[in-house]
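The values are calculated or read from the model by the stated rules, or taken from the named source; none is laboratory data. No experiment lies behind these values; they were computed from the predicted model shown. Cβ placement follows ideal geometry from the backbone for every residue including glycine, while neighbour counts extend to all protein chains displayed. We work out accessible area using only protein heavy atoms, side chains counted, and drop any ligands, DNA or RNA first. Shrake-Rupley method; radii C 1.70, N 1.55, O 1.52, S 1.80 Å.
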Amino acid sequence: MQAPSPPLPIPSGPPKTSGLAIASLVCGCLGFILAFLTGIPAIITGHKALGKIKRSGGTLGGSGIATTGLVLGYVTTGFTVVWLALAALATPAIFKALERANMAENISNVRQIKLAADMYAMDHDGQYPPKVQLLEDTGYIHSLDELRYKDAKDKTRHDWLYTAGHANTDNPTIILFAGPMTESDGKKRIVCFLDSSSKPLPESDYQRQLRSQRTPESPSGP
């Protein structure tokens, strides 16, 4: 027959507050700042503290502190999970919005260059400049560098492609400017036509249009 377990010692003074309970409360409070990094430890230490307090026979106290830390740990960890889930859902939409904003900026830039080219043509018998750099050199535009094409992925700047040799009385569907093909463009180029309209154009359509124009493509450099 198994001998009975010895009775638990009678505490001689007030119970000592469990260190694990205090650790759980501290971690739970920090969870509002550090999220699950301290929220999960608050849960673990809170459960351990309550177990030790229960088995201590009254020598350990702090069950209320441990419970508070435990609750805070669950709350902050739960908020973190919800936040991460919402962020995962919102991230694609944010990237799409940034891409649209970048496209709008590029279209605005190329239209400013096209406007300067129109002004040049008005002063030169309807003929557009042989090189885009002439627009800056002759004062029709302040800075071409500020209006360069911006890649949405790595934010690098590129020269616009320019098809020289046109007059402002040519076919309005002729492509005068085009952005470079970059990895983030999804096989489309931003193009600006002779009539000043601008839009993203699939690469296959862009190449077909260039062939039909029978005009060599020149970079917009000096």
**Q.** Tabulated pairs, region 186-208, first free of Cβ contacts under 8 Å to residues at least 60 places away in the same chain and more than 21 Å from Asp118 (Cβ to Cβ), second of a type in the set (Lys, Arg) and open to solvent by 60 Å² or more (accessible area, probe 1.4 Å), C-beta under 7 angstrom, 6+ apart or interchain
**A.** Pro202/Lys187; Pro202/Lys188; Glu203/Lys187; Glu203/Lys188
(Q) Being touching a residue at least 12 places away in the same chain (Cβ under 8 Å) and farther than 30 Å from Trp160 by Cα narrows it down to one residue among Leu98, Leu86, Leu60, Leu34; which is it? (A) Leu60
Q. Can you name every residue in region 87-118 that is charged (D, E, K, R) and modelled with pLDDT under 90?
A. Lys96, Glu99, Arg100
Q.
If I ask for residues that are within 14 Å of Ala23 (Cβ to Cβ), open to solvent by 30 Å² or more (accessible area, probe 1.4 Å) and assigned to a helix (DSSP H, G or I), which ones from region 40-62 would you list?
A. Ile40, Pro41, Ile44, His47, Lys48, Leu50, Lys52
Q. Got at least one residue in region 78-85 being open to solvent by 80 Å² or more (accessible area, probe 1.4 Å), not aromatic (Phe, Trp, Tyr) and not in a helix (DSSP H, G or I)?
A. no
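Let's see how each residue does on (1) under 12 Å from Leu72 (Cα atoms); (2) out of contact with any Leu (no Cβ under 6 Å at 6 or more places or on another chain); (3) of a type in the set (Phe, Trp, Tyr):
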site: Pro14; (1), (2), (3): no, yes, no
site: Ser18; (1), (2), (3): no, no, no
site: Ile22; (1), (2), (3): no, yes, no
site: Cys27; (1), (2), (3): yes, yes, no
site: Phe32; (1), (2), (3): yes, yes, yes
site: Pro41; (1), (2), (3): yes, yes, no
site: Lys48; (1), (2), (3): no, no, no
site: Ile53; (1), (2), (3): no, no, no
Q. Under 7 Å by Cβ, and 6 or more places apart or on different chains, what pairs join a residue from region 14-25 that is farther than 17 Å from Gly57 by Cα and open to solvent by less than 70 Å² (accessible area, probe 1.4 Å) with one that is in a helix (DSSP H, G or I) and of a type in the set (S, T, N, Q)?
A. Ala23/Thr45; Ser24/Thr45; Leu25/Thr68
Q: Return the only residue of Thr182, Thr156, Thr138 being more than 25 Å from Ser212 (Cβ to Cβ), out of contact with any helix residue (DSSP H, G or I) (no Cβ under 9 Å at 6 or more places or on another chain) and polar (S, T, N, Q).
A: Thr156
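Being of a type outside the set (S, T, N, Q), over 21 Å from Ser197 (Cβ atoms) and touching a Ser or Thr at 6+ places or on another chain (Cβ under 8 Å), is that true of even one residue in region 101-109?
No.
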Q. Could you say whether any residue in region 93-110 is surrounded by 14 or more Cβ atoms within 10 Å (Cβ to Cβ) and touching a helix residue (DSSP H, G or I) at 6+ places or on another chain (Cβ under 6 Å)?
A. yes
